[in-house]
Structure formats: C-alpha cells, structure tokens
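Colleague: The structure follows.
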Amino acid sequence: EAKSAGRSQIRYFNNEMRKKLKQQADIENDLQNGIKNGEFELYYQPIFSLTQPRVVSFESLVRWHHPKNGLVTPDDFIPIAEQTGQIIELDLHLLELAAKQIAQWQDAGAGNICLTVNVSSRHFASLEFVDQIASLYRNYGLSQGALSLEITESGLIENLNLATKVINGLSPYGVKLYLDDFGTGYSALGYLHQLPIHVLKIDKSFISQLTDEENPLVDAILSLAKSLDLEVVAEGIETSQQFQLLSTKACQYGQGFLVSRPLKAAQAMAFLQTEQIKLATAPTLA
Ligand code: C2E
Ligand code: MG
Ligand code: MG
Ligand code: MG
C-alpha cells in the first residue's frame, strides 16, 4: 500500500519534471524560431521629468507574439533565455529593433529621441559588446546618447574590472548606464562608486509603498544617489500622490502607469505629440 503510494508519487514527480523540461525545451526552440520569424515587438514606456512637463526618453520593453500562446510578457521567457544563454542573441536582436525605431522616428521628424534598452549583464563580460553597440550607432546613424542601457546589478559585480572597461568603451557614444530594480539585488554598496554608471532606477516595490511624506528607504536611496552624483528614475508610479511626493523629494525622473503604460511605437509617437502637456496637470487632477 505505502509502497505503491510512494511509487505513484515518484511517477507524479517524474511526470511533472518531464513536463517542465519539455516546456523549457519548447521555449528554447520557440525563441530561436521567434527571432528568425520576427515575433518580438518592442513597446515603449515614457520616462518623464518630475519637475517639468517633459518626456526625456522611452524604455523599450519586449513583447512576444507567440504563434500558439498569443502575447507573452518578458517574465515568462527572459529568465529562460538567461538560463540557456539565448539572451545574448535575443538582446542583440532587440537592440537592433530599438536602433531601427530611433532611426525611423528621426526620419519622421520626431527629433532626438532617446531609448533605454534592457540588456543582460552577461554582455558586460566581453569587449565584443562595445563593437556591437558601435555598429548599431554607425549602421543606423544614431546621434550621441540615442541608445542607453538598463542592467540589474547582480551580474556586474562578478567582474567589476571588465564591466568597467565595457562601460567606458561605450561612453564615446553617449550610452548611459541605468542600474535597474535598484534596492532589490545584492546592493553591495561598495561597487556603486567603482562602476561608471549614470542613473539609478528605484524599484517599483519601493514606490508602491510610498504613501507618506516620510519614507526611510526611498529617502536613503535618493540621498545615496545625490552623494554619488547619480540621476534617479522612480519606476512604477501609479498614483498622483506618489508623483507629488517624489517631486518634492527632489527625485528627477519617473515612469509608471499614472502617466502611461508601455505603448506600441505608433502610440508612443502620438503620446509625444498630444499627451505630453498632461504631465503637468496629472498630479493635481486627482
Ligand atoms: P524592468 O526593466 O524593471 O521593467 C519594468 C516593468 O514594470 C515592466 O514590466 C513594465 O511594464 C512594468 N511597469 C511599468 N510601470 C508600471 C507601473 O506603474 N506599475 C506596475 N505594476 N508595473 C509597471 P515588463 O514589461 O513585463 O518587463 C518585465 C521585466 O522583463 C523588465 O523589468 C526587464 O527586466 C525584463 N525585460 C523587458 N524587456 C526586456 C528586453 O528587451 N530585454 C531584456 N533582457 N529584458 C527585458
Ligand atoms: Mg528596465
Ligand atoms: Mg526595473
Ligand atoms: Mg524588473
């Protein structure tokens, strides 16, 4: 009795494991085809000044039009691509889409639009990445600072020297380094002043807790940024109260559903043309 229960449990686990492995193998396969077939689309979310009614850049966020599963969000495939190493190829593909989009917007007379692109910290383990970014700037005629990069802290600390070389190699192109999800990773503060990064993005988990004038964690991050001479973007601003509090706290930039969700390219353009002025009034309306 006990034996057969045990056996069926093992069978259950084996089946579950097999299913999981199969799912991963499918995604791995599908990713490869997806890149080839152009199934990935970048959405763009405005990053705005908290003191002026002005959009300063857009963050590109990938969406996958999967032939069977419909629209898939990054949390369902980026971690797997990181595991399999496909993230390198995927990121390069998405960087190219971003560069192409900037060039298109420039041609359409939209002026100097900046994009920040999320990339794996794996790229910062090789100087090859500098050449790859340089080619994008060349091939698409991008102006200085048109492309910037968002990375999370964890992978960078493993090889500070090399990462620093890569970041310095990118600086002639005006590529700014945004440290994403700040406060959620290792936060080994020692590395912060060693790395030539430019911007901290306060993770949205801190912003969602921002309901009072006093918020020790957000205040600490802001004063840390100030003393290290880094700019700050608060991500995940959903309420006008958060907007207001952050602007009085001397946080320069923000991003979040209050102002805009991630938009398709055409909508992002329309947003610039028609909605921008609302930024000034949004926080006082509610
Ligand atoms: P992230 O870079 O920290 O991006 C912020 C995430 O928060 C995005 O989710 C965005 O849609 C969402 N968000 C923005 N404003 C708000 C808000 O006000 N409230 C809430 N609740 N959420 C908000 P998304 O697009 O699902 O992306 C998830 C993560 O996937 C990103 O986190 C980033 O780490 C990764 N990712 C996205 N696109 C790419 C890409 O092209 N390449 C790589 N390597 N990673 C990507
Ligand atoms: Mg990001
Ligand atoms: Mg983030
Ligand atoms: Mg994130």
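Where a number appears in this text, it was derived from the coordinates with a stated rule and is not lab data. Note that the structure is a prediction, hence the values are computed from the model and not measured. Cβ sites come from the backbone with ideal geometry, for glycine too, and all protein chains shown count toward neighbours.
Colleague: To the nearest 20 debye, what is the magnitude of the charge dipole of the chain about its Cα centre, counting +1 on the Cβ of each Lys and Arg and -1 on the Cβ of each Asp and Glu?
Modeller: Taking the Cα centre of the chain as origin, the dipole is about 580 debye.
Colleague: Per-residue ellipticity at 222 nm for the chain, helices alone: DSSP H runs ≥ 4 residues times -39500 (n - 2.57), over residue total, nearest 500 deg cm²/dmol?
Modeller: The helix contribution divided over the chain gives -14000 deg cm²/dmol.
Colleague: Rounded to whole Hz and in sequence order, give me ³J(HN,Hα) for region 223-234 from the Karplus expression 6.51 cos²θ - 1.76 cosθ + 1.60, θ = phi - 60°, writing x for Gly and Pro.
Modeller: 6, 4, 4, 4, 6, 9, 6, 10, 7, 10, 10, 8
Colleague: Give the separation of the Cα centroids, region 1-73 to region 75-120, in Å.
Modeller: Here the answer is 17 Å between Cα centres.
Colleague: Let me ask you something else. Give, in nm to one decimal, the length gained when the segment between Asn33 and Leu272 is fully stretched (0.36 nm per residue of separation minus the Cα-Cα distance).
Modeller: Additional length available on full extension: 82.7 nm.
Colleague: Could you compute the FRET efficiency for Ser126 and Lys100, with r as their C-beta to C-beta distance and R0 at 30 Å, rounded to 0.05?
Modeller: Efficiency, from the Cβ-Cβ distance: 0.80.
Colleague: How about Lys165: which lysines have a C-alpha closer than 28 Å to its C-alpha, ignoring those fewer than 8 places off in the same chain?
Modeller: Here the lysines satisfying the reach criterion relative to Lys165 are Lys100, Lys176, Lys201, Lys226.
Colleague: How big, in percent, is the set of alpha carbon pairs in the chain lying more than 32 Å apart?
Modeller: 31 percent
Colleague: Using the charge dipole of the chain (Lys, Arg: +1 at Cβ; Asp, Glu: -1 at Cβ; taken about the Cα centre), state which of Ile27, Gln86, Pro262 has its Cα farthest towards the positive end.
Modeller: Checking the options against the dipole of the chain, the answer is Ile27.
Colleague: Taking the Cβ of Ile133 as the centre, find all other residues whose Cβ is under 13 Å away and add up their charges (Lys, Arg: +1; Asp, Glu: -1).
Modeller: -2
Colleague: Could you check the spin-label model distance between Asn112 and Lys264? Points 7 Å from the Cα along Cα→Cβ, value in nm.
Modeller: 3.1 nm
Colleague: Sticking with the crude label model, points 7 Å out along Cα→Cβ, report the distance from Leu71 to Lys22 in nm, one decimal please.
Modeller: 2.9 nm
Colleague: Shifting gears a bit: Count of lysine pairs in region 1-68 with Cα atoms under 22 Å apart, counting only pairs 8 or more residues apart in sequence or on different chains?
Modeller: Value for region 1-68: 5.
Colleague: Counting only residues 5 or more places away or on other chains, whose amide H sits under 5 Å from the amide H of Leu61 once H atoms are built in the peptide plane?
Modeller: Those lying under 5 Å, H to H, from Leu61 are Tyr43, Tyr44, Gln45.
Colleague: Give the angle, between 0 and 90 degrees and rounded to the nearest 10, that separates the Cα long axis of helix 160-170 from the longest principal axis of the Cα atoms of the chain.
Modeller: Helix 160-170 and the main axis of the chain meet at about 50 degrees.
Colleague: Still on this structure, I have one more. Please compute the length gained on full extension between Asn15 and Glu89, using 0.36 nm multiplied by the number of residues separating them and subtracting their Cα-Cα distance.
Modeller: Gain on stretching Asn15 to Glu89: 23.5 nm.
Colleague: Tell me the relative contact order for the chain as a rounded percent, counting alpha carbon contacts under 8 Å between residues six or more apart.
Modeller: Contact order relative to length: 18 percent.
Colleague: Give a residue-ordered list of calculated ³J(HN,Hα) values for region 146-155 (Karplus: 6.51 cos²θ - 1.76 cosθ + 1.60, θ = phi - 60°; whole Hz; x for Gly, Pro).
Modeller: Here the 3J(HN,Hα) series is 5, 10, 10, 10, 10, 9, 8, 5, 3, x Hz.
Colleague: Given H placed on each backbone N at 1.01 Å, which residues far from Glu150 in sequence or on other chains put an amide H within less than 5 Å of it?
Modeller: Under 5 Å from the amide H of Glu150: Val117, Asn118, Val119, Tyr178.
Colleague: Name the residues whose placed amide hydrogens come within less than 5 Å of the amide hydrogen of Ala234, ignoring near sequence neighbours (fewer than 5 apart) on the same chain.
Modeller: Residues meeting the criterion, in which the H sits 1.01 Å from N, are Ile202, Tyr253, Gly254, Gln255.
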